[in-house]
Amino acid sequence: NFYFIIIWEGKEIGLANIKDIDYKNGIGEPGMFIYEDIYWDSDVAIRALLCMNDFMWNTLKLKKTIIHVMQNNIRAIKFNLFLGYKLDAGQENIMNQLYTLTYEESQSNQKLNNIRKILIKQHNYGIK
């Protein structure tokens, strides 16, 4: 298991993790919690997620990730659908729903790739 503190402008604002890693099958379960609600609608969550993606896909060489999201957590569901996660079959009426995302699906997510390019340009020009 790996745990990372999310720090923005010198302040600890959340936690990202990857747990239950099955190295043989290339599967893990990432998670992220930002406890400062002023950052929920900012690009901080995307920045943390991109770092986690690089770690999961490039360092750990995972092939697939799974997540569990509470059925009533609409914000998290929308965020994860944007990332490319798909609700597994038979999960529609389950409270703690299972979603999956493969490496290939993650890499072909053009919306996320475009955001990554914008953030890299901002960083190169010193824009926050």
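Determine, for the chain, the count of lysine pairs separated by eight or more sequence positions (or lying on different chains) whose alpha-carbon distance falls under 19 Å. So the count of such lysine pairs works out to 14. Computed over the chain, relative contact order equals 17 percent, with contacts defined as Cα pairs under 8 Å that lie 6+ residues apart.
Solvent-free Debye calculation, one equal scatterer per alpha-carbon of the range 1-57: log10 I(q)/I(0) at 0.15, 0.21, 0.31 Å⁻¹ equals -0.43, -0.76, -1.33. To the nearest 0.05, what FRET efficiency results for residue 88 and residue 51 with a Förster distance of 30 Å applied to their C-beta separation? It comes out at approximately 0.70. Would you mind pulling out the separation of the Cα centroids of the range 48-62 and the range 1-38, in Å? For the range 48-62 versus the range 1-38, the Cα centre distance is 11 Å. For the chain, the fraction of 1.4 Å probe accessible surface lying on carbon and sulfur atoms is 55 percent.
Accessible surface calculations at 1.4 Å, restricted to protein heavy atoms, place the chain at 64 Å² per residue.
The angle between the Cα long axis of helix 44-53 and the main principal axis of the chain comes to about 60°, on a 0 to 90 degree scale. Using volume of the Cα convex hull per residue in Å³ as the read-out, say which of (1) 140; (2) 115; (3) 124 was calculated from these coordinates. So the structure-derived entry is (2). Between 0 and 90 degrees, rounded to the nearest ten: what's the tilt of helix 74-83 against the longest Cα principal axis of the chain? Once rounded, the angle reads 80 degrees.
The modelled label-to-label distance for the pair residue 78/residue 107, using points 7 Å beyond Cα in the direction of Cβ, is 3.1 nm.
Taking the helices alone, the chain has a mean residue ellipticity at 222 nm of -9000 deg cm²/dmol, built from -39,500 (n - 2.57) per DSSP H run of at least 4 residues and averaged over all its residues.
The values are calculated or read from the model by the stated rules, or taken from the named source; none is laboratory data. The shown structure was predicted, so the numbers you read here are calculated from the model rather than taken from an experiment. Using ideal geometry, Cβ is built from the backbone for each residue, glycine included, and neighbour counts are taken over all protein chains shown. These area figures cover heavy atoms from the full protein model, side chains too; ligands, DNA and RNA do not enter into them. Shrake-Rupley method; radii C 1.70, N 1.55, O 1.52, S 1.80 Å.
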